[in-house]
Every structure is written in structure tokens, then in C-alpha cells.
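Let me begin by presenting the structure, written as C-alpha cells, before commenting on it.
The values are calculated or read from the model by the stated rules, or taken from the named source; none is laboratory data. Quick caveat: nothing in here was measured; it's all calculated off a predicted structure. No Cβ is skipped: glycine too gets one built from the backbone with ideal geometry, and neighbour counts run over all protein chains shown.
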Amino acid sequence: MRKPPSAAAPPFSDRSKARTSTLLGLAFLAAFLGSWHLAQIHPLALFEAEGRRNMARFLAGMFPPAHSPEFLLGLWRPLLETIQISVMGTVLAIVIGFPLGLLGTASLSHRGTLHDAELAGAPARRLGRMLPYVLARGVLSVFRCIPEFVWAFMFVRAVGLGPVPGVLAIGISYGGMLGKVYSEILENQGQQASEALQATGASRWKVLLYGMLPQALPQLVAYTLYRWECAVRASAVLGFVGAGGLGQQIELSMRMFNFNEVITLVLVLLLLVAAMDAFSARLRAALV
Amino acid sequence: MYQLEKVTKQFDRGLMAVDRVDLGIRRGERLAVIGPSGAGKTTLFRLLNLTIPLTSGRLSIAGQEVGALRGARLREHRRRIGTVYQQQNLVPRLRVIHNVLAGRLGAWSFLRAVRSLIRPTREDIRAAHAALSRVGIPEKLWARTDELSGGQQQRVAISRVLLQNPEVILADEPVSSVDPSLAHAIVRLLMDLSGTSGKTLIMNLHSVDLALAYFPRVVGFRDGRVAFDRSPAQVSDDLLVSLYAGSSPSHPTEESPDAEAAVRGCAPVFRPQ
């Protein structure tokens, strides 16, 4: 093999690297001080007379936590609703994120070993393959850049109060996140096995099926489960804008100053998240 | 089977990996390629199995030029060529049976592939079992591939080629990751498999010993070019010395004062005199 003499000098000397990090440090400090000023942060506000009184009332109101049988029994419905919203929202997110994630995976569409021979000297073909890739990436980024809270707000206006807007909001914004991460996971699978499968005459979708997906499965499942946990928490927040579940109960009790109910609701939410955490850890362990 | 005319592969960085190679390989022929690491042997193999496109020249398989093939026609030609790699290039999390059946992917429809992955048919199981029996590990049919040793995985990779049933078998340093006693067994296995069915066998070997002991035709490859191409009896020690001259990392130049020592310092083992 013949190498041309390499002429390129390393782009940074040690000295200019050090200067860069000093500049970055100063920029960070300036940004921090500016934000402090603009956001009008007064940590002591919590401890001024007015703040102290409110805090005391809030804390005193929490105890004892609400535990009357009829209140606890009434929790079943919102608890179930929260689980349903998170499950349906995550399922919808997978339905949206998986196909878009595949389209948005460069090693499946146009980059790397699977396309070397196919796209050599065929710029029009390459462009044709890149178009769906770019579109999918664009859609995914719009979906995830708008927070689920904002989506929920819009859907509550569109379809009314209840769990449906919560499901739609989680499905769309989490679909965007799942799709992005799915494509990154698939992108990071080694190309060796894919190359060997392709050499048997397999199309790229068969390479995906026999090589990339089985290899990436544990990571794909782990991330999806993590998102499901996030969806449970998110569904509580979404309740605040009227999207059902425990969140809506918390918001109602807050508004009535029934802080003892709030604390019970928060504890129930905490138990729910902990239970799901344990459940998904087991599922992950079974799949390594 | 293969006809190469001035076949050249230049990578993006200007690296000339394969440089105007002319080579003809007959159907059913068995041939070893030897040469120092970095000579471009693996690149040559990736050209031959249609993984990467050539930069210039003509590459024909069975009389048909394949340089500009795309899509289904490209895949059809890939199906005719089975490859065994240095690293086995299996899918570690799949069971052995699916890695073996992957040899059929070129022939199967997508739905057929899905079906076999979910639940292999009796026919599939029988075929995979037969292939694994020929390489001596039928009991590993349902094992997970990453639980197998390096030598066993290489046998699985060979079984995959058996299921593919190609006209040509390319083996790119198939024994460099297994221990020496197993190396002989695997080379012999590949010779047998190609011999009984009249397949063309092209093997890239790190070990000069194995090449000279088993193959009727030996090609020396250096700096992306064919240095010599002859029968093992005609391969002299002088030829081998100049083939490997300067390839040891401690002697980076060709004017190495002790080329022979450089040869002994690097991996190939000389045949006993």
C-alpha cells in the first residue's frame, strides 16, 4: 500500500487548547451571573416572614396524610388511569418512533458498508435514499423538541379533558425521543456481522432482521422501559392541565388546600414509580 | 470463475490498497493468497465478494462483468460467493441455528426469514443440523452463539457457508484466531468441503506453512500487487524473504540489513527444510 506523505499538522497545540478551555470557563461564568440577575433569584425569599408562614401552613396541612377508607378507595380510578395513560402513551410512542427511527438510521439508508457497492458512482440514487432519512430525522426532532406538557395543552383544547390528550401527548413527544435513540443504538452496532450477512446476498432489511435488531435488542428494550417510567411521572404532570390520572387529583386537592390529600397522592405516585422500576429491572435482566 | 483486469481499489484518503491486479481463477480451482499484513489481501477479498466497489479495472465472475451491478442483480451474484471471515462475523446474541440458517437469507423472501427466526421449520432444523454435523458440532444447534469458543464459532461460520451453497468459497484468514492444531483441521475441512462439491476455494493465509502444504497454487501479495503466482514447489525461500522483507514493525524500510531476521520475526512460519 502506498500512502501519500501526510502534510497536515495537528489542528491544536497544547497551548491553544488550554486557552480555549479558559475562554469557555469565563463564558460559563458570565452566563451564570447573567442568569442569576435576570431570573431574580432571592434564595432568602423562602425564609422571609410571608414565605415562612406559607411553608408552615403547607407542612402542617400535610399531617396526618389523608387515609379515610373512602378517599383511599377513590384513588383506584386515577391510579389505574395513570398506568393506562403511561402504557398507551408508550405503545403509541413505539408505533411512531420505531418506523421513523429505522428510516432515520444512516447505516440502513445510505452510509457505511451496506451501501458501498450499491451507491458507488450513483449520486442520484444516494440522494433518493437520503430524502426519507432527512425527513424522518426532521419529523422526530419536531416531535421531541416540543415538550409533552405543551402537546397536552394543545390536545386538551382539541379533544377535551380526560386521558386521551395525555396519551397523545406522551405518544408524540416520546415517539420523537424513542425514534432518535433507536436510530442511534442501531447506528452503533458493529458492522462486521452486517457485512457478513450482506455477503450471503441478504437485502438490508434482512440484515436488519438477522443482525442489527437481535444484537441491539437489550439496549432497545432497556431504553423503552426507561421511557415508560418517565411516562408515569409525566402523566402526573400532564394531569395538571386536565389530562386525567393522579396528576389531576393532585391539582384538585392543591386547589382546595387539602394538603393532607396531596401528600397521600404523592406517596402513591412514589410507590407506583418504585414498583415499575423494580418490574422493568427484572425485565431487563431477563433480556441480556 | 474470476477474471481480474487491472483491478484497482483506492480509498478516500488516497490509500492504494489494490493496485492494477491481473488475475485469472478457474472454476473449481484452489488457491492460497499469502503476504505481509497491510498488503491489501483483505481488500482484495472484499472486492471479490462484492462488498466494496472497485475504483477502476474490470472484475468478471463466470464471464460476466460485475463492477456496475446494483440491487437484486448484485445480491444474486453475492449469493454465489460464500465468505468465511477472520473474526467469525456471527451475530453473538442469536442461537447457532439462526446464524447457520442466515446462509439462506439470499434465497429467502423477507417473510420466510421472519418466519424462520420466530420458529424454524423442520426442514430448516434438519438442514442446519446436517451442516453442523459436517463440521463436527451438531450438539451446538440450539446454543447461544456467544457461548461458543473461537474454534467452534469458526465452524458455525463454515456451516453458514454450507447452507448458502455458493460456487466460490472465500476464506479471509480463517485460522488466525484459532490455535495451531485446530488451524490444520479447519483448512483441511475447507479443502474437503470445496473438493467434494467442485467449489472454487480462495484462502487468504497468514501461515506460509499451511499455504504450501495444502494448496496447488500460491499467490504472493505485496503492496497491493501480485508479487508471484506459482505452484508451491516453485516457491523458493528467496521469494518468501523478498515477499515479507521489511514487513516487520522493527524494520520499516526495504533496505533492512537483515531481511531474513525480519521474516522470522513476523508471523509466517517457514516450512521445515
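The set of residues in the range A:177-198 being more than 7 Å from chain B (Cβ to nearest Cβ) and surrounded by fewer than 24 Cβ atoms within 10 Å (Cβ to Cβ) consists of A:Met177, A:Lys180, A:Val181, A:Glu184, A:Ile185, A:Leu186, A:Glu187, A:Asn188, A:Gln189, A:Gly190, A:Gln191.
Residues are listed down the side, and each one gets a yes or a no for (1) modelled with pLDDT under 85; (2) in contact with a Ser or Thr (Cβ under 6 Å, 6 or more places away or on another chain); (3) not basic (Lys, Arg):
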residue: A:Leu208; (1), (2), (3): no, no, yes
residue: A:Gln219; (1), (2), (3): no, no, yes
residue: A:Val262; (1), (2), (3): no, yes, yes
residue: A:Leu270; (1), (2), (3): no, no, yes
residue: A:Phe279; (1), (2), (3): no, no, yes
residue: A:Arg282; (1), (2), (3): no, no, no
residue: A:Val288; (1), (2), (3): yes, no, yes
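For the condition among the small types (Gly, Ala, Ser), at pLDDT 90 or above and assigned to a loop (DSSP other than H, G, I, E, B), what is the one hit in B:Gly28, B:Gly82, B:Gly14, B:Gly38? Give the derivation first.
Values: B:Gly82 fails: assigned to a loop (DSSP other than H, G, I, E, B); B:Gly14 fails: at pLDDT 90 or above; B:Gly38 fails: at pLDDT 90 or above.
Answer to the check: B:Gly28.
Taking every residue in the range A:276-288 that is among the charged types (D, E, K, R) and pairing it with any residue that is modelled with pLDDT of 85 or more, at least 6 positions away or on another chain, the pairs with Cβ-Cβ distances below 7 Å are A:Asp277/A:Glu229; A:Arg284/A:Val221; A:Arg284/A:Ala222; A:Arg284/A:Leu225. Only a single criterion out of (1) more than 9 Å from every other protein chain (Cβ to nearest Cβ); (2) touching a strand residue (DSSP E or B) at 6+ places or on another chain (Cβ under 9 Å); (3) of a type outside the set (D, E, K, R); (4) more than 24 Å from B:Val187 (Cβ to Cβ) is not satisfied by B:Tyr2, namely (4). Using the structure shown, decide if B:Leu54 is assigned to a loop (DSSP other than H, G, I, E, B) and farther than 29 Å from B:Ala245 by Cα. No, not satisfied.
So, in the range A:109-134, of the ones that are of a type in the set (A, V, I, L, M) and either within 14 Å of chain B (Cβ to nearest Cβ) or not in a helix (DSSP H, G or I) (or both), which residue ends up farthest from A:Gly201 (Cα to Cα)? In this case the residue turns out to be A:Ala124.
In the range A:199-209, of all residues being facing chain B (nearest Cβ under 7 Å) and part of a helix (DSSP H, G or I), the one that is surrounded by the fewest Cβ atoms within 10 Å (Cβ to Cβ) corresponds to A:Trp205.
Looking at B:Val91, B:Val100, B:Val7, which is the one that is more than 9 Å from chain A (Cβ to nearest Cβ), crowded, with 23+ Cβ neighbours inside 10 Å and within 26 Å of A:Trp205 (Cα to Cα)? Break it down into steps so the answer makes sense when it comes.
Numbers: B:Val91 fails: more than 9 Å from chain A (Cβ to nearest Cβ); B:Val7 fails: within 26 Å of A:Trp205 (Cα to Cα).
After applying the criteria, what remains is B:Val100.
Every residue in the range B:108-129 that is surrounded by fewer than 14 Cβ atoms within 10 Å (Cβ to Cβ), under 27 Å from the mean Cα position of the chain (by Cα) and away from every other protein chain (no Cβ under 11 Å), please. Residue satisfying the conditions is B:Arg126 alone. Looking across A:Gln219, A:Gln191, A:Gln215, one residue alone is polar (S, T, N, Q) and either under 18 Å from the mean Cα position of the chain (by Cα) or at positive phi (or both). It is A:Gln219.
Residue count for the range B:136-184 satisfying the condition of being farther than 12 Å from B:Val100 by Cα, buried (at least 23 other Cβ atoms within 10 Å of the Cβ) and touching a Ser or Thr at 6+ places or on another chain (Cβ under 6 Å): 4.
Any residue at all in the range A:149-163 that's at positive phi and surrounded by fewer than 16 Cβ atoms within 10 Å (Cβ to Cβ)?
First, pick out the residues of the range A:149-163 that are at positive phi: A:160, A:162.
Next cut, surrounded by fewer than 16 Cβ atoms within 10 Å (Cβ to Cβ) only: A:160.
For the range A:149-163, residues at positive phi and surrounded by fewer than 16 Cβ atoms within 10 Å (Cβ to Cβ): present.
Among the residues of the range B:190-205, those identified as assigned to a loop (DSSP other than H, G, I, E, B) and surrounded by fewer than 22 Cβ atoms within 10 Å (Cβ to Cβ) are B:Gly198, B:Lys199.
Each row is one residue, and each column tells you yes or no for (1) loosely packed, with under 10 Cβ neighbours inside 10 Å; (2) at pLDDT below 70.
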position: A:Lys3; (1), (2): yes, yes
position: A:Ser6; (1), (2): yes, yes
position: A:Phe12; (1), (2): no, yes
position: A:Ala27; (1), (2): no, no
position: A:Ala39; (1), (2): yes, no
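Of the residues making up the range B:35-60, those that are β-branched (Val, Ile, Thr) and either closer than 30 Å to B:Asp179 by Cα or crowded, with 21+ Cβ neighbours inside 10 Å (or both) number 3.
Provide a single number: the residues in the range A:211-249 that are in a helix (DSSP H, G or I) and surrounded by fewer than 23 Cβ atoms within 10 Å (Cβ to Cβ). Write out each step before concluding.
Residues of the range A:211-249 that are in a helix (DSSP H, G or I), as a first pass: A:211-239, A:245-249.
Then keep just the ones that are surrounded by fewer than 23 Cβ atoms within 10 Å (Cβ to Cβ); that gives A:213-230, A:233, A:237.
Count: 20.
Considering only the range B:64-80, state which residues are under 18 Å from the mean Cα position of the chain (by Cα) and within 7 Å of another protein chain (Cβ to nearest Cβ).
To start, the set of residues in the range B:64-80 that are under 18 Å from the mean Cα position of the chain (by Cα) comprises B:77-80.
Of everything in the range B:64-80, those that are under 18 Å from the mean Cα position of the chain (by Cα) and within 7 Å of another protein chain (Cβ to nearest Cβ) turn out to be B:Arg78, B:Arg79.
Among the candidates A:Phe279, A:Phe257, the residue that is farther than 25 Å from A:Pro147 by Cα, part of a loop (DSSP other than H, G, I, E, B) and of a type outside the set (Val, Ile, Thr) is uniquely A:Phe257. Please name all residue pairs, on different chains or six or more residues apart, with Cβ atoms under 6 Å, provided the first residue is in the range A:258-275 and is in contact (Cβ under 8 Å) with a residue 24 or more places away in the chain and the second residue is among the hydroxyl-bearing types (Ser, Thr, Tyr) and part of a helix (DSSP H, G or I). Sorted first by the residue in the range A:258-275, then by its partner, the pairs are A:Glu261/A:Ser253; A:Val262/A:Ser253.
This table checks each residue for (1) modelled with pLDDT of 90 or more; (2) in contact with a helix residue (DSSP H, G or I) (Cβ under 7 Å, 6 or more places away or on another chain).
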| residue | (1), (2) |
| --- | --- |
| A:Gly128 | yes, no |
| A:Arg137 | yes, no |
| A:Trp151 | yes, yes |
| A:Gly162 | no, no |
